[in-house]
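Read through the structure below, which is laid out as structure tokens, and then see the notes.
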Amino acid sequence: MPSAEVAGRIKQIVENIEKVIVGKREAIELAVAALLANGHVLIDDIPGVGKTSLARSLALSVRGDFKRIQFTPDILPSDLTGVSIWDQSRQDFTFKPGPVFANIILADEINRATPKSQAALLECMEERQVSVDGVSYPVPVPFMVIATENPIEYEGTYALPEAELDRFMLRMKLGYPRPAEEVEVITRQQRQHPIESVEAVVDTQEVAELQRLVREVYLEDSLKEYVVRLTNATRNHPEVELGASPRGSITLMRLSQALAALAARDYVIPEDIRTVAVPALAHRLSLSPDRQLRGTSPEAIVEEILEANPAPLGRRKTEA
């Protein structure tokens, strides 16, 4: 499929979601890029800014199965993955799949669940399968978890462990709309929610093919070295106790490939990498306690690393 056709299909998904989410093109493109890069998204934002609408409209746009899971302190791992039930007629156990068996999963307020229930997502997020009673069941393709958490509520919440944070391809915010955008939001919802009129522009098979094509986008060797240089800099920064893992390097590569495909290019440029560096790396960093008390943010650390590490020029595949 030519680059222009790939970009056209991706832009159809983005523009379809924009019928529901107003004024958040960059966030929408990041979410779609994560889907095409076969990753998961953590949205860390206040209630009411469109997190659920983003997930639902993305699922509708790709004709995917959508499940919303409301995480609470009493939710059990089996409530997510499913259980084996004794079938009297067959004299055997039958597996009843849980809500994780869908294409797009909205894990709402994931930090309200206990660590044990949060961990139930780890296997299906990374291995794309669920193991119950010694039997593994593959999740659908494509498969994406969009998790949300409220950054202003701490009572009754459980911080996500580093192992789970690392499995999210990126963390992002939507934020408040500008006044003019908010007027457009309420205008669109005056008679009905715009999500009710959203129709699919691609199907899940096409998404799987787009995911394959994104992996074919060319990344020149000097840009691979740049990706590793950025990730390695997080490990050696004096204010960081735990830097990004090699999964962070892979994330930078995959997301930059997806952005290049969205821009109708079959090659990555440095700006693709720099665009995704903060959302892809910041949530993977653990800062020293004194820096946290001083208000230093992981995002500021990544921005500092970008400033200190100029990008190479990069080249087209035909120039390599």
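The values are calculated or read from the model by the stated rules, or taken from the named source; none is laboratory data. Everything quoted here is computed from the prediction, not taken from an experiment. As a convention, Cβ positions derive from the backbone with ideal geometry for all residues, glycine included, and neighbour counts pool all protein chains shown.
Screening the candidates Glu127, Glu162, Glu149, Glu123 for the property of being out of contact with any helix residue (DSSP H, G or I) (no Cβ under 7 Å at 6 or more places or on another chain) and touching a residue at least 40 places away in the same chain (Cβ under 8 Å) yields one hit, Glu162.
Annotation: Val130 fulfils all but one of (1) in contact with a Gly (Cβ under 6 Å, 6 or more places away or on another chain); (2) surrounded by 15 or more Cβ atoms within 10 Å (Cβ to Cβ); the unmet one is (1).
Hey, could you check the range 99-123 for residues that are in a loop (DSSP other than H, G, I, E, B) and modelled with pLDDT of 90 or more and say which is nearest to Thr204 (Cα to Cα)? Step through it out loud before you land on a result.
Here is the first cut: in the range 99-123, the ones in a loop (DSSP other than H, G, I, E, B) are 99-103, 109, 113-114.
From what's left, modelled with pLDDT of 90 or more: 99-103, 109.
Working: Pro99: 18, Val100: 16, Phe101: 14, Ala102: 11, Asn103: 8, Glu109: 26 Å.
Result: Asn103.
In the condition set (1) in the same structural domain as Pro312 (by TED's automatic domain parsing); (2) part of a helix (DSSP H, G or I), Glu209 is compliant with all but (1).
If you take the residues of the range 67-98 that are part of a loop (DSSP other than H, G, I, E, B) and among the β-branched types (Val, Ile, Thr), which of them is farthest from Val130 (Cα to Cα)?
So the first thing to find is which residues in the range 67-98 are part of a loop (DSSP other than H, G, I, E, B), and the list is 71-76, 88-91, 98.
Filter again for among the β-branched types (Val, Ile, Thr), leaving 72, 75.
Details: Thr72: 21, Ile75: 17 Å.
Checked the range 67-98; the qualifying residue farthest from Val130 (Cα to Cα) is Thr72.
So which of Ile75, Ile43 is under 22 Å from the mean Cα position of the chain (by Cα) and crowded, with 18+ Cβ neighbours inside 10 Å? Unique residue meeting the criteria: Ile43. For the range 95-122, a tally of residues being more than 16 Å from the chain's Cα centre (by Cα) and either hydroxyl-bearing (Ser, Thr, Tyr) or farther than 22 Å from Asn150 by Cβ (or both) returns 7.
Screening Met1 against (1) surrounded by fewer than 19 Cβ atoms within 10 Å (Cβ to Cβ); (2) over 17 Å from the mean Cα position of the chain (by Cα); (3) more than 19 Å from Gln205 (Cα to Cα) leaves a single unmet condition, (3).
Which one is farthest from Phe66 (Cα to Cα) among residues in the range 212-229 that are part of a loop (DSSP other than H, G, I, E, B) and touching a strand residue (DSSP E or B) at 6+ places or on another chain (Cβ under 9 Å)?
Residues of the range 212-229 that are part of a loop (DSSP other than H, G, I, E, B), as a first pass: 215-217, 219-220.
Right, trim to touching a strand residue (DSSP E or B) at 6+ places or on another chain (Cβ under 9 Å) and you get 217, 219-220.
Numbers: Val217: 29, Leu219: 33, Glu220: 37 Å.
Looking at residues that are part of a loop (DSSP other than H, G, I, E, B) and touching a strand residue (DSSP E or B) at 6+ places or on another chain (Cβ under 9 Å), I get Glu220.
Suppose the filter is surrounded by 19 or more Cβ atoms within 10 Å (Cβ to Cβ) and in a loop (DSSP other than H, G, I, E, B); does Ala233 pass it? Criteria not met by Ala233. All conditions in (1) under 21 Å from the mean Cα position of the chain (by Cα); (2) modelled with pLDDT of 90 or more; (3) not in a strand (DSSP E or B) hold for Glu164, with the sole exception of (2).
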